[in-house]
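The values are calculated or read from the model by the stated rules, or taken from the named source; none is laboratory data. Values in this document were obtained by computation on a predicted structure and should not be read as measured data. FYI the Cβ positions are ideal-geometry reconstructions off the backbone, even for glycines, and counts take in every protein chain you see. Surface areas here come from the heavy atoms of the whole protein model, side chains and all, with no ligands, DNA or RNA. Shrake-Rupley method; radii C 1.70, N 1.55, O 1.52, S 1.80 Å.
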Protein chains: 4
Amino acid sequence: MLRCVRKKQIAVIGYNKDRCTDIASKAAYEVGKEIARAGAVLVCGGLGGVMESACKGAKENGGTTVGIIPQEEFSFANQYCDIVVCTGIGYARDFIVASSADAIVAVGGGVGTLIELGVGYMTKKFIVVIAGSGGVADMYGGKFLDDRQCVPIRLAKDARMAIQIILAENK
Amino acid sequence: MLRCVRKKQIAVIGYNKDRCTDIASKAAYEVGKEIARAGAVLVCGGLGGVMESACKGAKENGGTTVGIIPQEEFSFANQYCDIVVCTGIGYARDFIVASSADAIVAVGGGVGTLIELGVGYMTKKFIVVIAGSGGVADMYGGKFLDDRQCVPIRLAKDARMAIQIILAENK
Amino acid sequence: MLRCVRKKQIAVIGYNKDRCTDIASKAAYEVGKEIARAGAVLVCGGLGGVMESACKGAKENGGTTVGIIPQEEFSFANQYCDIVVCTGIGYARDFIVASSADAIVAVGGGVGTLIELGVGYMTKKFIVVIAGSGGVADMYGGKFLDDRQCVPIRLAKDARMAIQIILAENK
Amino acid sequence: MLRCVRKKQIAVIGYNKDRCTDIASKAAYEVGKEIARAGAVLVCGGLGGVMESACKGAKENGGTTVGIIPQEEFSFANQYCDIVVCTGIGYARDFIVASSADAIVAVGGGVGTLIELGVGYMTKKFIVVIAGSGGVADMYGGKFLDDRQCVPIRLAKDARMAIQIILAENK
């Protein structure tokens, strides 16, 4: 009998195209590469910036990528998405990106990324940010988002470390 | 000819039933009362805690209340909601609460409230928190949620002040 | 003690602006008027066509109107909405319109209206269509949408009859 | 340079677990198998009945399967989903299933399936139903859902024919 074992799904969140820095873009590429090497599936918001760099990193290293986009049409997704989920629900799709993750890695990011961190925190996902990647990753890394302090926002010094601590936790 | 002028819609967000404190509950009641007195419509998540206290404050002072609930059935709404919007979309309804507001007042709150603050910040709503009400209101009051610093999270010493600065801004 | 009793919420669905006929527009106006006279709250998708005519009919007869729009910005709502719920989730807001109704009245309509009828049918709402109003109202009136046959799509000869049978059922 | 070419995504919709017949289950298995053989990705609602049978058919023939579930937790998905998208938005996820498809195949089904057909029709997807599979597939096959008549609901005598006409159209 065939019994399917779902692979780990790791979400990568962060800066969109408008505000992505070179540092964040390179870090995102590395995160995508490490997710691919770990045999996990990369989940993201499917657009530009950190999302696109991470997808590129995964695809160039044999990985599988899923883009969960706000729009209703496939054409908005970046070209490195193997599978595109066209939600049509606008930025409320941030909830779906975070809910569809076994673990979350943040690279830089603005308030949209903070919302995704919030959803991950609320649903008790394992969350890691790349130190030095800027934006909300650096603002909230090492902290708790509310005073319940139920899920730490962990800091990792680089992509390799981020994926390692996720794999160690999710065995 | 009849020309309708939509009243201001002010969202009240904060602690749910599980974690609401007496201080937050009283502050929320006052916020509801001030919204009613200002002739605005109170919008909220329609459940317990801060949402219920605010609705009660509005209803006991002649106001109108709208509860935008996560569930598909009316019965989950608190009894002080005049109008119930049954979204059925779970906690993604947080987006709708914030989007449906001309201004937002936060009273205490956990990460769900932070998500609503984030949506308000992203969509450039006027946001005020009640100082001393606890939770994310006190954690984020007076700060910016990301490094774009586009919308300040304003602090008000009490409900009256909160509604006054909203009305002054939204004339 | 003050105990709020939520008023009945009746959804009006049907042709949007592009395809609305004079017959449907007049029928929608009458439906809005009858909802107002019955003391119920009119819920709709908040845009043009049948939605706008129904809201106008309700407002010119002292009623209360709620527009649940696909967009994130208030400005898309028609001018006869007292309360605007900005969902930002696109046409998935059809689910919310139907879920937020104690009963549903259809006036003409295309496939979007059929989707709303489907959601009403699935959640076992009381559904009435105005006979002769065209579109899916006439295509599906008097029928069941699937072979479970759990909720009839009732036919009413006019707006007054539609609201009468709803009130008789929802006492 | 690596240029990713997204594979076709074909949605399979139909009876859920409660009402699935043996005939529909077998037809769904065959649809999944043909999608896999065509090198396309199977997209579905991720739960039981037709969704599970189709996923099983795809997995046992080397295909890739995506389950877009109403719930927020992975555990609700059937065991044959390679990738699970946890929407948390309840049955409004029907919109996402249809939007995320290049083409749609219906096998039996109740009103939920009709809603998905409606979304596919609204967004002008290529839609095929399996003749003789029961439910809304047989009720609406060969017809138009509204009087604009913009998208025919095509009938195919079996799974192989369904996928053939989809591939012929989507070259």
Filter result for residue A:119 (buried (at least 22 other Cβ atoms within 10 Å of the Cβ) and either among the charged types (D, E, K, R) or more than 24 Å from residue B:120 (Cβ to Cβ) (or both)): no
Any residue at all in the range A:149-158 that is small (Gly, Ala, Ser) and surrounded by 15 or more Cβ atoms within 10 Å (Cβ to Cβ)? yes
Given (1) touching a Ser or Thr at 6+ places or on another chain (Cβ under 6 Å); (2) open to solvent by 10 Å² or more (accessible area, probe 1.4 Å); (3) of a type in the set (A, V, I, L, M), identify the lone condition not met by residue C:167. (1)
Of the residues in the range C:17-39, those that are small (Gly, Ala, Ser) and open to solvent by less than 10 Å² (accessible area, probe 1.4 Å) come to C:24, C:28, C:32
Checking residue A:113 against (1) touching a residue at least 60 places away in the same chain (Cβ under 8 Å); (2) among the polar types (S, T, N, Q); (3) farther than 19 Å from residue A:27 by Cα: exactly one of these is not met. Which one? (3)
Residue, surrounded by the most Cβ atoms within 10 Å (Cβ to Cβ), within the range B:89-114, restricted to residues that are out of contact with any strand residue (DSSP E or B) (no Cβ under 9 Å at 6 or more places or on another chain) and under 17 Å from residue C:87 (Cβ atoms): B:89
Return the residue satisfying two criteria in turn: it lies in the range C:53-88 and is within 7 Å of another protein chain (Cβ to nearest Cβ) and over 30 Å from residue A:71 (Cα atoms), and of such residues it is surrounded by the most Cβ atoms within 10 Å (Cβ to Cβ). C:59
Any idea which of B:14, B:48 is within 21 Å of residue B:85 (Cα to Cα), of a type outside the set (A, V, I, L, M, F, W, C) and surrounded by 24 or more Cβ atoms within 10 Å (Cβ to Cβ)? B:14
Filtering the range C:101-138 down to residues that are within 12 Å of another protein chain (Cβ to nearest Cβ), under 15 Å from residue C:54 (Cβ atoms) and of a type outside the set (Gly, Ala, Ser) yields C:113, C:116
Odd one out for residue D:161, checked against (1) closer than 22 Å to residue D:30 by Cα; (2) surrounded by 22 or more Cβ atoms within 10 Å (Cβ to Cβ); (3) free of Cβ contacts under 8 Å to residues at least 12 places away in the same chain: (2)
All but one of (1) within 11 Å of the chain's Cα centre (by Cα); (2) touching a residue at least 40 places away in the same chain (Cβ under 8 Å); (3) surrounded by 24 or more Cβ atoms within 10 Å (Cβ to Cβ) hold for residue A:42; state the number of the condition that does not hold. (2)
Limited to the range B:115-134, what total is found for residues that are among the small types (Gly, Ala, Ser) and in contact with a strand residue (DSSP E or B) (Cβ under 7 Å, 6 or more places away or on another chain)? 3
Residues of the range C:35-58 satisfying the condition of being of a type in the set (A, V, I, L, M), under 21 Å from residue C:168 (Cβ atoms) and outside any helix (DSSP H, G or I): C:38, C:40, C:41, C:42, C:43
Give me a count of the residues in the range C:129-146 that are open to solvent by 20 Å² or more (accessible area, probe 1.4 Å) and more than 11 Å from residue C:27 (Cβ to Cβ). 5
Residues of the range D:1-39 classified as of a type in the set (A, V, I, L, M, F, W, C) and without any contact (Cβ under 8 Å) to a residue 40 or more places away in the chain, total: 5
